[in-house]
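This report concerns only the one structure given below.
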Amino acid sequence: MTTPFLEVLDVSKSYFLNGKRIDVLRGVSIQIQQGEMVSLIGASGSGKSTFLHVVGTLDIPAAGRMFFRGQSVFDMNDAEVAEFRNKSIGFVFQSHYLLPEFTAEENVAMPALILRQDRKPSLKRARELLERVGLSARAEHRPGELSGGESQRVALARALMLKPDLLLADEPTGNLDPSTGEGIHALLREVNRDLGVTAVVVTHNETLARSMPRRLRLKDGLVVDAD
Ligand SMILES: Nc1ncnc2c1ncn2[C@@H]1O[C@H](COP(=O)(O)OP(=O)(O)OP(=O)(O)O)[C@@H](O)[C@H]1O
Ligand SMILES: [Mg+2]
């Protein structure tokens, strides 16, 4: 049997607030194969962001295991987790979180610049990624000089900067009008198809979710394949 790309096993996570306990994930087990394009749907508050944060190692679960290409992620030390997150994961959030004082091109290159990779090739790759998301003409714009959809495309280009294996997108179209949102989803499908990046995309939009080959639903603390 081949090793799964991503395997989540019996992951649970609860929040405690004012003495009350909320069981958000109650033993989630799921496998995702390399190259898959998966949407994750579920009611508001069902735990979609929590799940994505756990998979992306931004949050620590109470229990459970996770294997990335056979490697046990929750057994890694801090340095290994940081490297895993940097090298293997790309994030796109509902808000773009671009740095206002930098141009689109610099924002895209930022993950490489933070790792002190050479500036010139980093900016060159940033340009290529901006071209891929259809924004060559906006490379010199600062976030305040971009539309919402354009900002989100810059954020997607930035997420691709370090060539992630797994792209995690948390309602990347949540703040956009439906047609701009569909544009972002089309772009995500293109990135998945052309670059082979495996992607998990949280969305509230059933139509967009249906445009993905596989749909997962978070309900009652569990993730199941939706029909
Ligand atoms: N830091 C926290 N402390 C306490 N409770 C929290 C915390 N973060 C999230 N929660 C609760 O956990 C549950 C799941 O939250 P989560 O953000 O994962 O939901 P979601 O499915 O992403 O919702 P949405 O679609 O609205 O983004 C919610 O009921 C939320 O109120
Ligand atoms: Mg959320």
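The values are calculated or read from the model by the stated rules, or taken from the named source; none is laboratory data. Keep in mind the model is a prediction, meaning the values are calculated, not measured. Every residue, glycine as well, gets a Cβ built from its backbone with ideal geometry; the counts of neighbours run over all protein chains shown. All accessible areas refer to the heavy atoms of the entire protein, side chains included, with ligands and DNA or RNA removed. Shrake-Rupley method; radii C 1.70, N 1.55, O 1.52, S 1.80 Å.
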- request: Any chance you could give the angle, 0 to 90 degrees and rounded to 10, that helix 78-88 forms with the longest Cα principal axis of the chain?
  value: 60 degrees
Packing-based ranking, highest mean first, of 5-12, 220-227 given that Cβ atoms within 10 Å are counted: 5-12, 220-227
- request: Relative to the longest principal axis of the C-alpha atoms of the chain, give the angle of the C-alpha long axis of helix 104-114, reported between 0 and 90° and rounded to the nearest 10°.
  value: 60 degrees
- prompt: Once the other residues with Cβ under 11 Å from the Cβ of residue 205 are scored (Lys, Arg +1; Asp, Glu -1), what is the net sum?
  reply: -2
message: Sorting check: for 25-36, 154-165, which peptide has the highest mean count of neighbouring beta carbons within 10 Å, and how do the rest follow?
response: 154-165, 25-36
message: Taking the 0 to 90 degree range and rounding to the nearest ten, how far is the long axis of helix 178-195 tilted relative to the main principal axis of the chain, both from C-alpha atoms?
response: 90 degrees
- line: Taking the reciprocal of mean 1/r across every pair of different Cα atoms in region 6-225, the Kirkwood radius in Å is 17.9 Å
task: Please report, as a whole percent, how much of the solvent-accessible surface of the chain comes from carbon and sulfur atoms (probe radius 1.4 Å).
output: 50 percent
